[in-house]
1. List the strands (runs of 3 or more DSSP E) that sit entirely inside the stretch 106-209 and contain at least 3 residues that are closer than 18 Å to residue 270 by Cβ and touching a strand residue (DSSP E or B) at 6+ places or on another chain (Cβ under 6 Å).
2. Determine if the stretch 286-294 includes at least one residue that is modelled with pLDDT under 95, over 17 Å from residue 174 (Cβ atoms) and in a strand (DSSP E or B).
3. Are any of the residues in the stretch 221-244 modelled with pLDDT of 90 or more, in a helix (DSSP H, G or I) and buried (at least 23 other Cβ atoms within 10 Å of the Cβ)?
4. For the subset of the stretch 96-131 comprising residues that are touching a helix residue (DSSP H, G or I) at 6+ places or on another chain (Cβ under 9 Å) and over 30 Å from residue 38 (Cβ atoms), which member is surrounded by the most Cβ atoms within 10 Å (Cβ to Cβ)?
5. Read through the list (1) free of Cβ contacts under 8 Å to residues at least 24 places away in the same chain; (2) touching a strand residue (DSSP E or B) at 6+ places or on another chain (Cβ under 6 Å), then give the number of the only condition that residue 222 fails.
6. For the stretch 17-43, which positions are surrounded by 16 or more Cβ atoms within 10 Å (Cβ to Cβ) and in a loop (DSSP other than H, G, I, E, B)?
7. List the residue pairs whose Cβ atoms are under 7 Å apart, where the first residue sits in the stretch 187-206 and is touching a residue at least 40 places away in the same chain (Cβ under 8 Å), the second is assigned to a helix (DSSP H, G or I), and the two are 6 or more positions apart or on different chains.
8. Which residues, counting only those in the stretch 54-98, are assigned to a loop (DSSP other than H, G, I, E, B) and closer than 21 Å to residue 143 by Cα?
């Protein structure tokens, strides 16, 4: 794990959402008025961009997270956790508004349900963060800081810094960025919110984006880049909790881009890291090191078209 000592020394900058997760492992999702006991419990920091920054750091690159954390116990815990992973925290804004929290019910088959609460916490206003001195190799957005993201995207375009959008669902931020980034990585949910089929979604989205990846969870992914299309099956693992798997995928993809890896290597690395994230509770305990990921891939059969 590398530590970026200053924002001038960053491979991947991740801008977006940070929260604090409370994860309950349950045998099944509770029915109406049902009381149940969790099998296991864990808590840790969360949020798409924040998780991606940790994924990058775990893989040995220098990452920074830019976003908001409240001046509360959850914010303090998350901030310390990011530091412990070696993530640069100099672009985090702290304030009186609470840190968003999430309650996650993780079933034993790896599926999960999530409830997020932001309260009165709003996205940061434009120019809340000073990005003037940072010059990362790659920038990853999750759309949850739309005002800061649009300005930073313009800077990235001017400096020819590759940009990625983690598009989990359609909202103000993803709508503002989805047709402007270099790599649109979207969930199946996002793809089907405005399109009847995945094939249609892939075709339509690729008309406005140089490269599109639609992640399909345990079904793998499909992609289109220019005139080329392909797919990749998900790697089989003993799934405990799928929380953060998509975030892990995005972080690993960004790390591979920062290392100038090939298109196929980017997809394989990201798929492996996303799969391994599912092997532990919470979004972060399963995030692999470079050695763990490489050892995992040595024992996997490739199934796809890349």
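1. On the way: elements: 112-117, 138-141, 163-167, 183-187.
Because the criterion is at least 3 residues that are closer than 18 Å to residue 270 by Cβ and touching a strand residue (DSSP E or B) at 6+ places or on another chain (Cβ under 6 Å), the strands (runs of 3 or more DSSP E) in the stretch 106-209 that meet it are 138-141, 163-167, 183-187.
2. For the stretch 286-294, residues modelled with pLDDT under 95, over 17 Å from residue 174 (Cβ atoms) and in a strand (DSSP E or B): absent.
3. No, there is no match, as no residue in the stretch 221-244 is modelled with pLDDT of 90 or more, in a helix (DSSP H, G or I) and buried (at least 23 other Cβ atoms within 10 Å of the Cβ).
4. If we take residues in the stretch 96-131 being touching a helix residue (DSSP H, G or I) at 6+ places or on another chain (Cβ under 9 Å) and over 30 Å from residue 38 (Cβ atoms), then 129 is surrounded by the most Cβ atoms within 10 Å (Cβ to Cβ).
5. Condition (1) is where residue 222 drops out.
6. 17, 18
7. Here the result reads 187/246, each pair linking the stretch 187-206 to a residue that is assigned to a helix (DSSP H, G or I).
8. Answer for the stretch 54-98, where residues must be assigned to a loop (DSSP other than H, G, I, E, B) and closer than 21 Å to residue 143 by Cα: 87, 97, 98.
The values are calculated or read from the model by the stated rules, or taken from the named source; none is laboratory data. Since the structure is predicted, the reported quantities are computational estimates derived from the model, not experimental observations. Here Cβ is always computed from backbone atoms with ideal geometry, including for glycine, and neighbour counts include all displayed protein chains.
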